[in-house]
Amino acid sequence: MQIEKMLLDDRLARMLNGYAAYTEYIPCVLRSFASMPVSVYLASHKEQWERLCALLGITELADKDRLTYQEAAALIHRNRMENRQDLSMAEAVFILSIPFRDYFEGRDETHGKNE
């Protein structure tokens, strides 16, 4: 990815206004996040990881270990489109949201809720 050169004053102004210093930061983070193995993402939630794999029909350990966040999201989407009556994909989305909820709950406890 090509990084756009910016003056320090411009980067600081972006940061002071709540933006990333570089416009390339968010796409880079998203690309990195998408390629993260779900086993790493849910490392502190082993039971939920196993449940997610079961919901997605992944049974082989090697396949489980290689499953990325992007692939899991794509499987959830495909399964949801194939059978809109099946609520198991809602449970799968809920499982993928657990680390985010943990983070924000911890952040709220430390810094207070933003209202």
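The values are calculated or read from the model by the stated rules, or taken from the named source; none is laboratory data. What you are looking at is a predicted structure, and each value in this text was computed from that prediction instead of being measured. Every residue, glycine as well, gets a Cβ built from its backbone with ideal geometry; the counts of neighbours run over all protein chains shown. Keep in mind that these areas ignore ligands, DNA and RNA; they rest on the heavy atoms of the full protein, side chains included. Shrake-Rupley method; radii C 1.70, N 1.55, O 1.52, S 1.80 Å.
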**Prompt:** Given the conditions (1) on the phi > 0 side of the Ramachandran plot; (2) part of a helix (DSSP H, G or I), and given that ASP65 satisfies all but one, which numbered condition is not satisfied?
**Reply:** (1)
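Quick grid of which residues meet (1) more than 30 Å from ASP10 (Cα to Cα); (2) in contact (Cβ under 8 Å) with a residue 40 or more places away in the chain; (3) assigned to a helix (DSSP H, G or I):
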site: VAL29; (1), (2), (3): no, no, yes
site: VAL40; (1), (2), (3): yes, no, yes
site: GLN48; (1), (2), (3): yes, yes, yes
site: PHE94; (1), (2), (3): yes, no, yes
site: ILE98; (1), (2), (3): yes, yes, yes
site: ARG101; (1), (2), (3): yes, no, yes
site: GLU109; (1), (2), (3): yes, no, yes
**Prompt:** Does ARG80 satisfy being open to solvent by 50 Å² or more (accessible area, probe 1.4 Å), assigned to a helix (DSSP H, G or I) and within 25 Å of ARG31 (Cβ to Cβ)?
**Reply:** yes
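Given the options LYS46, LYS5, LYS64, name the one that is touching a Cys at 6+ places or on another chain (Cβ under 7 Å) and either among the charged types (D, E, K, R) or open to solvent by less than 100 Å² (accessible area, probe 1.4 Å) (or both).
Details: LYS46 fails: touching a Cys at 6+ places or on another chain (Cβ under 7 Å); LYS5 fails: touching a Cys at 6+ places or on another chain (Cβ under 7 Å).
Unique residue meeting the criteria: LYS64.
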**Prompt:** Would you pick out the residues in region 49-61 that are open to solvent by 70 Å² or more (accessible area, probe 1.4 Å) and among the β-branched types (Val, Ile, Thr)?
**Reply:** THR59
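How many of the residues in region 1-18 are in a helix (DSSP H, G or I) and of a type in the set (A, V, I, L, M)?
Our first condition is that a residue be in a helix (DSSP H, G or I); within region 1-18, this holds for 8-16.
If we keep only those that are of a type in the set (A, V, I, L, M) too, we end up with 8, 12-13, 15-16.
Result for region 1-18: 5.
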**Request:** Being part of a helix (DSSP H, G or I), open to solvent by less than 90 Å² (accessible area, probe 1.4 Å) and without any contact (Cβ under 8 Å) to a residue 60 or more places away in the chain narrows it down to one of ALA21, ALA73, so name that one.
**Result:** ALA73
